[in-house]
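Chemist: Could you have a look at this structure, given as structure tokens, before my questions?
The values are calculated or read from the model by the stated rules, or taken from the named source; none is laboratory data. Values in this document were obtained by computation on a predicted structure and should not be read as measured data. Counting neighbours? That spans all protein chains shown, and the Cβs are built from the backbone with ideal geometry, glycine included.
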């Protein structure tokens with residue numbers, strides 16, 4: 001008789017970064033494009049990436065208006081080379097552990113500079129176009 005397959009959940013290599021958030025009741029971690037998106041209080045606040053560069057470190061979803069201030073506080077942060085609307089803390093940075101702990105502490109404190117509302121940058125459909133299209137179909 002064959003034994004059932006053993007299911008082992010593999011932890012993300014950077015899961016330790018968000019351990020300080022473990023007690024937060026609103027914490028949600030979801031897969032996103034091979035990474036782990038971290039949500040707190042309904043906002044996407046971090047994204048853990050453990051692939052090859054430039055997808056190896058912590059991505060910081062934030063508005064471009066906050067980039068300069070955050071980079072001034074943590075010079076290892078930089079716009080992500082593929083997703084420049086977000087900041088990126090590469091795992092290879094000498095200050096990675098210290099800076100990722102700083103980011104998590106600011107996220108936990110509810111810093112409004114960090115995080116985005118899910119779907120906030122999605123384009124809304126042009127309702128005028130839809131109405132014009134649907135009303136033109138009903139005409140004889």
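Chemist: Quick one: is residue 31 exposed (fewer than 12 other Cβ atoms within 10 Å of the Cβ), free of Cβ contacts under 8 Å to residues at least 12 places away in the same chain and within 11 Å of the chain's Cα centre (by Cα)?
Modeler: It is true that residue 31 is exposed (fewer than 12 other Cβ atoms within 10 Å of the Cβ), free of Cβ contacts under 8 Å to residues at least 12 places away in the same chain and within 11 Å of the chain's Cα centre (by Cα).
Chemist: For the condition modelled with pLDDT of 90 or more, surrounded by 12 or more Cβ atoms within 10 Å (Cβ to Cβ), part of a helix (DSSP H, G or I) and within 14 Å of the chain's Cα centre (by Cα), what is the one hit in 89, 103, 59, 114? Give the derivation first.
Modeler: Details: 89 fails: part of a helix (DSSP H, G or I); 59 fails: part of a helix (DSSP H, G or I); 114 fails: part of a helix (DSSP H, G or I).
None of the other options fit; the residue is 103.
Chemist: Let me ask something else. For region 62-86, what are the residues that are assigned to a helix (DSSP H, G or I) and either touching a residue at least 40 places away in the same chain (Cβ under 8 Å) or touching a strand residue (DSSP E or B) at 6+ places or on another chain (Cβ under 8 Å) (or both)?
Modeler: Matches in region 62-86: 66, 67, 69, 70, 71.
Chemist: Select, from 2, 36, the only residue that is part of a strand (DSSP E or B) and either surrounded by 14 or more Cβ atoms within 10 Å (Cβ to Cβ) or modelled with pLDDT under 95 (or both). Before the answer, list the steps.
Modeler: Working: 2 fails: part of a strand (DSSP E or B).
Just one listed residue meets the conditions, 36.
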